[in-house]
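One structure is given below, encoded as structure tokens.
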Amino acid sequence: MAQLRAVAGDITRRDVDAIVNAANTSLLGGGGVDGAIHRAAGPELLEACRKLHGCATGDAKATAGFRLPAKWVFHAVGPVWHGGGHNEDELLASCYRRCLELAREHAVRSIAFPAISTGVYSFPLERATKIAIQTVRAHIEDSGVERVEFVCFNSDALLVYERLLTAGS
Ligand code: APR
């Protein structure tokens, strides 16, 4: 049975096989967790991302982790929140599903997710957390992943993740 847990901290420091980036469609870096991952991975990451020629919203693409502790980075592009009537829920769920598909393809056993789309992209935190937990729970068995960390950069996110993981949401 795979283990899912919320942890506080910086995703670039997590000792897991793969970390997930909350990227944009260009895959050429940005602020937030995207900026932190590129800074920690080093310039080779941007070179590798250039070769991917972007990524659609709801999709995810893999690169090596370079100077990160993680062997892989799965660059997921979450939806920008526009009020909920633009398929945002499904596009966010798709990010988590695609990352677990990449995990299977790359024989990943441990993976760390940030709270995709809940920063600059303004997706409501509680709604995004429910989608994250439900989607991971629904697809984890097929992925071969044994350990999932939801890495929370602030206490608000940690409280929501811990509550919803306990509630079996
Ligand atoms: N480790 C873990 N989580 C982090 C870190 C970090 N080092 N830095 C930020 N976060 C958290 C934020 O607090 C938020 O909860 O990641 C979550 C996602 O926030 P953003 O990074 O703003 O990502 P998102 O809302 O998906 O917006 C993506 O922002 O940085 C740009 O290039 C990126 O255009 C894209 C957009």
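The values are calculated or read from the model by the stated rules, or taken from the named source; none is laboratory data. Remember, it's a predicted structure, so these values are computed and weren't measured experimentally. Every residue, glycine among them, receives a Cβ derived from its backbone with ideal geometry; neighbour counts consider all protein chains shown. Ligands, DNA and RNA are stripped out before the accessible areas are found, and what is left, the full protein with its side chains, is counted by its heavy atoms. Shrake-Rupley method; radii C 1.70, N 1.55, O 1.52, S 1.80 Å.
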Legend entry - Inter-site label distance for Ala56 and His82 at 7 Å from Cα along Cβ, in nm: 1.6
Inset, instruction - Any chance you could list the semi-axes, whole Å, largest first, of the equivalent ellipsoid that the Cα gyration tensor gives for the stretch 91-163, using √(5λ)? - result: 21, 13, 10
Legend entry - Per-residue SASA entry for Ile140, accessible area with 1.4 Å probe, Å² rounded to 10: 10
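Ignoring everything except DSSP H segments at least 4 long, calculate the 222 nm mean residue ellipticity for the chain; use -39,500 (n - 2.57) per segment, divide by total residues, nearest 500. Please report the intermediate quantities before stating the final value.
Numbers: 5 runs with 67 residues, N = 169.
That comes out to -12500 deg cm²/dmol.
Using a 1.4 Å probe, what is the accessible area per residue for the stretch 16-169, in Å²? Write down the numbers at each step before the final one.
Numbers: 6690 Å² over 154 residues.
Here the residues of the stretch 16-169 average 43 Å² of exposed surface.
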Inset, instruction - Could you please state, rounded to a whole Å, how far the C-alpha centre of the stretch 112-162 is from the C-alpha centre of the stretch 27-105? - result: 14
Inset, instruction - Pop out the carbon and sulfur fraction of the accessible area of the chain as a percent, whole number, probe 1.4 Å. - result: 51
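What Kirkwood Rh does the chain have if only Cα atoms enter the pairwise 1/r average? Answer in Å.
On the way: mean 1/r = 0.0647 Å⁻¹.
Taking the inverse mean of 1/r over all distinct Cα pairs, the chain comes out at 15.4 Å.
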Inset, instruction - For a label point 7 Å from the Cα of Val7 along Cα→C-beta, name the residues of the stretch 137-155 whose backbone N is under 11 Å from it. - result: 147-152
Legend entry - For the stretch 133-145, 3J(HN,Hα) per residue [Karplus equation, 6.51 cos²θ - 1.76 cosθ + 1.60, θ = phi - 60°, Hz, x = Gly/Pro]: 5, 5, 5, 5, 4, 6, 10, 5, 4, 6, 7, x, 6
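Working from the alpha-carbon coordinates of the stretch 5-78, get Rg over Rh, Rh being the Kirkwood radius.
A ratio of 0.93.
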Inset, instruction - Mark the label point 7 Å from the Cα of Gln134 along Cα→Cβ and return the residues of the stretch 44-77 whose backbone N is within less than 19 Å of it. - result: 58-59
Inset, instruction - Enter the mean projected area of the convex hull around the alpha-carbon atoms of the stretch 50-140, in nm², rounded to one decimal. - result: 6.2
